[in-house]
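The values are calculated or read from the model by the stated rules, or taken from the named source; none is laboratory data. Bear in mind that the values here come from a model prediction, so they are computed numbers and not experimental data. Neighbour counts are summed over all protein chains in view; Cβ atoms, including those assigned to glycine, are modelled from backbone coordinates with ideal geometry.
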Amino acid sequence: MSNARPPIALLSILANRERHAIASGEPFLQLMDIAVLVDDTTTEHVRLARNIDDITFDANDGNGPQVYQAFNFEMGECKISSDGSVPEVTFTASNVMRILQSTIETYGGLSGSELYLYAFNTTQPAGEPDLAMQFTIKQATCNAKNVQIKCGAPSPMRRLFPTYKYWPNSCIWRYKSGVGCTYSGTMTTCSKTIDGDNGCKAHFPSAVLPFGGFPGIDTNGITAAGVV
């Protein structure tokens, strides 16, 4: 994914008017985007629309307009306990065609993947969901009828700290992501080192290197603070 999803947003004037109407001619739709990080450079998406027809929608995530496949799913009640644990919500989807089950089996249960839920009114311009929510998938189970995906809010205890890994000669940026690594040429792989035929200098022979390593670590030039 190129950019972070938009935060929870206020309804637009048009969408808010539709919400308060006694009889609305423009529906509110729910869209689901399951983002599975396959490796450092590849993210697979499963995009579903709670609708009878496919929906083309731009979620303003840097990927442009995408097709969300018509699918039967629903969001359960968000459970918030009093003991400070992470809130949970369960999504239930049809498993008659085994579409989600095959994805779950391929990617080891989807645990740790991100699930984005969008709600928008069809009067809204593209790229402006009325509501955007992000969840972390904790567990996915299947039976002959349904798939249940249990999700929790992104927990700060499951985040990498420090945010970046400090290696002397290994780039931390995702290749060709545009964030950190700005390479857009014809080379297809990178060794994530500075030198070499496939390193950062080979990718940027006459430009400032966006190298995401820290060569000074081995020469007492950098001190990285950590947690004991």
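Those strands (runs of 3 or more DSSP E) of region 42-105 in which 2 or more residues are over 21 Å from Lys150 (Cα atoms) and touching a Lys or Arg at 6+ places or on another chain (Cβ under 8 Å) occupy 66-70.
Restrict the check to region 202-218 and report whether at least one residue is in contact with a helix residue (DSSP H, G or I) (Cβ under 8 Å, 6 or more places away or on another chain) and over 25 Å from Asn63 (Cβ atoms). Checking region 202-218: at least one residue is in contact with a helix residue (DSSP H, G or I) (Cβ under 8 Å, 6 or more places away or on another chain) and over 25 Å from Asn63 (Cβ atoms).
Since Thr193 meets every condition but one in (1) touching a Gly at 6+ places or on another chain (Cβ under 7 Å); (2) under 19 Å from Thr42 (Cβ atoms), which condition does it not meet? For Thr193, the exception is condition (2). Among the conditions (1) at pLDDT below 80; (2) surrounded by 11 or more Cβ atoms within 10 Å (Cβ to Cβ), the only one that Thr223 does not satisfy is (2). So for region 117-133 (the condition being modelled with pLDDT of 85 or more and not in a loop (DSSP other than H, G, I, E, B)), does at least one residue qualify? Yes, region 117-133 contains a residue that is modelled with pLDDT of 85 or more and not in a loop (DSSP other than H, G, I, E, B).
Residues that are in a helix (DSSP H, G or I) and of a type in the set (Gly, Ala, Ser) were ranked within region 167-218; the one that is surrounded by the most Cβ atoms within 10 Å (Cβ to Cβ) is Ala202.
Does region 150-164 contain any residue that is within 30 Å of Thr90 (Cβ to Cβ), at pLDDT 85 or above and surrounded by 12 or more Cβ atoms within 10 Å (Cβ to Cβ)? Within region 150-164, one or more residues are within 30 Å of Thr90 (Cβ to Cβ), at pLDDT 85 or above and surrounded by 12 or more Cβ atoms within 10 Å (Cβ to Cβ).
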